[in-house]
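Student: Just passing along the structure, written as structure tokens.
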Amino acid sequence: MSATETLRNDHKQIRRLEKIIVQCHTKLYAGQDIPFSDIDKIIIIISEFLDAIHYAREENQYFPCIASYDSMKKEIRAFMIEHEFGRRIATSISRHLQKWKDGENEREPVARFLKAYALYLNDHMTKEEQFFDITEKQVLSQEEEKMMYEEFRAVTAVVTKLDDMIKSLDYLEQTPWMKN
Ligand SMILES: [Fe+2]
Ligand SMILES: [Fe+2]
């Protein structure tokens with residue numbers, strides 16, 4: 001395994017989340033009820049997997065390594081700004097969900113910010129995957145790929161969090177609102 005492959009694998013899991021979010025906002029707009037606890041699970045995956053693991057790998061290791069070659073700095077800056085944008089949308093989802101739990105009718109803003117998040121994910125990951133094709137072929141050496149991969153794995157807390165995330169995705173994919 002290499003660092004780039006690891007990030008591509010992360011994206012595969014995030015694509016699963018994207019599908020779940022699309023179904024979630026579609027059903028909310030259609031007036032169907034979705035348990036708050038299921039939306040909470042989506043928010044937890046965003047904060048504990050996307051933020052704490054995937055973005056950390058990109059921001060703390062992968063991007064700095066590419067930038068050290070003085071290459072693709074414009075792309076990297078854009079990705080960092082997009083991460084911040086994603087974090088802001090995620091905060092809005094949480095805030096409106098909390099108000100909804102407190103009794104206000106926040107169906108529309110929750111659905112709207114979920115939709116914005118799904119669009120952000122697709123756009124951001126599509127661009128990053130094109131970027132990975134270039135960095136893998138033209139920038140990173142095999143040794144660097146291997147070293148960064150080892151660094152990713154050295155963070156032991158990551159392993160349990162990854163397992164939890166996969167379980168949450170499995171659970172969400174089996175909910176009634178995902179199936180019909
Ligand atoms: Fe990213
Ligand atoms: Fe990414």
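The values are calculated or read from the model by the stated rules, or taken from the named source; none is laboratory data. All of these numbers come straight from a predicted model, not from anything done at the bench. Glycine also receives a Cβ, built like all others from the backbone with ideal geometry; neighbour counts cover every protein chain displayed.
Student: Only one of these conditions is not met by Tyr62: (1) within 11 Å of ligand 1 (Cβ to nearest atom); (2) surrounded by 19 or more Cβ atoms within 10 Å (Cβ to Cβ); (3) over 26 Å from Leu169 (Cα atoms). Which number is it?
Tutor: Going through (1) within 11 Å of ligand 1 (Cβ to nearest atom); (2) surrounded by 19 or more Cβ atoms within 10 Å (Cβ to Cβ); (3) over 26 Å from Leu169 (Cα atoms) one by one, Tyr62 breaks only (3).
Student: Can you tell me which residue among Glu129, Glu136 is surrounded by fewer than 14 Cβ atoms within 10 Å (Cβ to Cβ), within 16 Å of ligand 1 (Cβ to nearest atom) and touching a residue at least 12 places away in the same chain (Cβ under 8 Å)? Spell out how you get there, then give the answer.
Tutor: Numbers: Glu136 fails: surrounded by fewer than 14 Cβ atoms within 10 Å (Cβ to Cβ).
Unique residue meeting the criteria: Glu129.
Student: Right, here's the next one. Yes or no: Lys115 surrounded by 17 or more Cβ atoms within 10 Å (Cβ to Cβ) and away from ligand 1 (no atom under 16 Å from the Cβ)?
Tutor: Working: surrounded by 17 or more Cβ atoms within 10 Å (Cβ to Cβ): yes; away from ligand 1 (no atom under 16 Å from the Cβ): yes.
When the stated conditions are applied, Lys115 passes them.
Student: Filter the stretch 1-31 for residues that are within 17 Å of the chain's Cα centre (by Cα) and exposed (fewer than 14 other Cβ atoms within 10 Å of the Cβ); which is farthest from ligand 2 (Cβ to nearest atom)?
Tutor: The selected residue is Glu5.
Student: Just one of (1) of a type in the set (D, E, K, R); (2) over 22 Å from Gln174 (Cα atoms); (3) away from ligand 2 (no atom under 12 Å from the Cβ); (4) modelled with pLDDT of 95 or more trips up Asp70, so point out which.
Tutor: Asp70 satisfies all of (1) of a type in the set (D, E, K, R); (2) over 22 Å from Gln174 (Cα atoms); (3) away from ligand 2 (no atom under 12 Å from the Cβ); (4) modelled with pLDDT of 95 or more except (4).
Student: Which residues, taken from the stretch 1-25, are over 16 Å from Tyr120 (Cα atoms), at pLDDT 95 or above and away from ligand 1 (no atom under 16 Å from the Cβ)?
Tutor: The one that is over 16 Å from Tyr120 (Cα atoms), at pLDDT 95 or above and away from ligand 1 (no atom under 16 Å from the Cβ): Ser2.
Student: With within 19 Å of the chain's Cα centre (by Cα) and free of Cβ contacts under 8 Å to residues at least 24 places away in the same chain as the only criterion, which of Ile45, Ile76, Ile39, Ile93 stands out?
Tutor: Just a single option satisfies the conditions, and that option is Ile76.
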